[in-house]
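Working notes, structure below.
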């Protein structure tokens, strides 16, 4: 009877949880709507009047320490370091026999790179030229790759940590890291504010969309348990909303 009940549950999908629908609205649909609005204006060659004054204000208040930090983040969030991190995470998860999570991180992070490249090629927005740059950036400006990859990476890490005691520290760290990376792009003058905003929202929406398409938290239930040192605070079958 217990087995029959189990297969009955498997054959009768649960209706979407209201919190899941809300999360799709806030983390996928709303971000994509904002990105779409920005992209439409760019496609029609419209300018955003607030961008140049905002960037000039940021530049006027930039200190040497802030400039050095921004240069460090420029290299940290660049293709060499991020490329290695984006490969390392799925490999480690695969070696830990967390196949579902490895697939999620591979599709999420790899797809973010492809999506960013396609958007840059399509819109081909020129970078701002408001003051002499201290770093070299020659590619298209929209959307910001550093900002998009920061948001994508931090969203992946937050999802991976969500069923562990590290979920709230990871969430706070992820928000602070992403905001700092975004600010550094304005300090360096290599992106417009809308480039940064679109990068963050596109990275967030893409990763969370992939997460839901691959089954969300329910997909974790079939994964092999983590090693003892990485054990979660909740039973494998416990669905944390």
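Kindly indicate whether residue 94 is surrounded by 16 or more Cβ atoms within 10 Å (Cβ to Cβ), more than 16 Å from residue 193 (Cα to Cα) and in contact with a helix residue (DSSP H, G or I) (Cβ under 9 Å, 6 or more places away or on another chain).
no
Restricting to segment 144-159, give me the number of residues that are under 15 Å from residue 197 (Cα atoms) and either surrounded by fewer than 22 Cβ atoms within 10 Å (Cβ to Cβ) or out of contact with any helix residue (DSSP H, G or I) (no Cβ under 7 Å at 6 or more places or on another chain) (or both).
0
Let's see how each residue does on (1) under 19 Å from the mean Cα position of the chain (by Cα); (2) modelled with pLDDT under 95; (3) assigned to a helix (DSSP H, G or I):
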residue	(1), (2), (3)
152	yes, no, yes
156	yes, no, yes
163	yes, yes, no
185	yes, no, yes
191	yes, no, no
196	yes, no, yes
206	yes, no, yes
220	no, yes, yes
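Given the criterion surrounded by 12 or more Cβ atoms within 10 Å (Cβ to Cβ), under 21 Å from residue 207 (Cα atoms), touching a helix residue (DSSP H, G or I) at 6+ places or on another chain (Cβ under 9 Å) and without any contact (Cβ under 8 Å) to a residue 12 or more places away in the chain, identify the matching residue among 87, 28.
87
Examine segment 57-78 for a residue that is within 13 Å of residue 192 (Cα to Cα) and not in a helix (DSSP H, G or I), and state whether such a residue exists.
Within segment 57-78 (the criterion being within 13 Å of residue 192 (Cα to Cα) and not in a helix (DSSP H, G or I)), the answer is no, since none of the residues qualifies.
With the structure loaded, tell me whether residue 141 is at pLDDT 95 or above, in a helix (DSSP H, G or I) and crowded, with 17+ Cβ neighbours inside 10 Å or whether it fails that test.
no
With (1) outside any loop (DSSP other than H, G, I, E, B); (2) more than 23 Å from residue 213 (Cα to Cα) as the list, and residue 133 as the residue in question, which single condition is left unmet?
(1)
Enumerate the pairs (first residue in segment 110-122 and under 17 Å from residue 204 (Cα atoms); second residue anywhere and modelled with pLDDT of 95 or more and not in a helix (DSSP H, G or I)) with beta-carbon separation below 6 Å, excluding pairs fewer than 6 apart on the same chain, so at least 6 apart or on different chains.
Filtered contacts from segment 110-122: 119/143.
Kindly indicate whether residue 19 is in contact with a helix residue (DSSP H, G or I) (Cβ under 9 Å, 6 or more places away or on another chain) and either modelled with pLDDT under 95 or surrounded by 11 or more Cβ atoms within 10 Å (Cβ to Cβ) (or both).
No; evaluated as a whole, the condition is false for this residue.
Residue-by-condition table, conditions (1) touching a strand residue (DSSP E or B) at 6+ places or on another chain (Cβ under 9 Å); (2) surrounded by fewer than 22 Cβ atoms within 10 Å (Cβ to Cβ); (3) closer than 15 Å to residue 82 by Cβ:
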{"position": "116", "(1), (2), (3)": "no, no, yes"}
{"position": "125", "(1), (2), (3)": "no, yes, no"}
{"position": "130", "(1), (2), (3)": "no, yes, no"}
{"position": "161", "(1), (2), (3)": "no, yes, no"}
{"position": "192", "(1), (2), (3)": "no, no, no"}
{"position": "199", "(1), (2), (3)": "no, no, yes"}
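Okay, residues lined up against (1) modelled with pLDDT of 95 or more; (2) buried (at least 16 other Cβ atoms within 10 Å of the Cβ):
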position: 5; (1), (2): no, no
position: 9; (1), (2): no, no
position: 24; (1), (2): no, yes
position: 33; (1), (2): yes, no
position: 53; (1), (2): yes, no
position: 64; (1), (2): yes, no
position: 77; (1), (2): yes, yes
position: 82; (1), (2): yes, yes
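The values are calculated or read from the model by the stated rules, or taken from the named source; none is laboratory data. Everything numeric in this text was worked out from a predicted model, so none of it was measured. We place every Cβ from the backbone using ideal geometry, glycine too, and count neighbours over all the protein chains shown.
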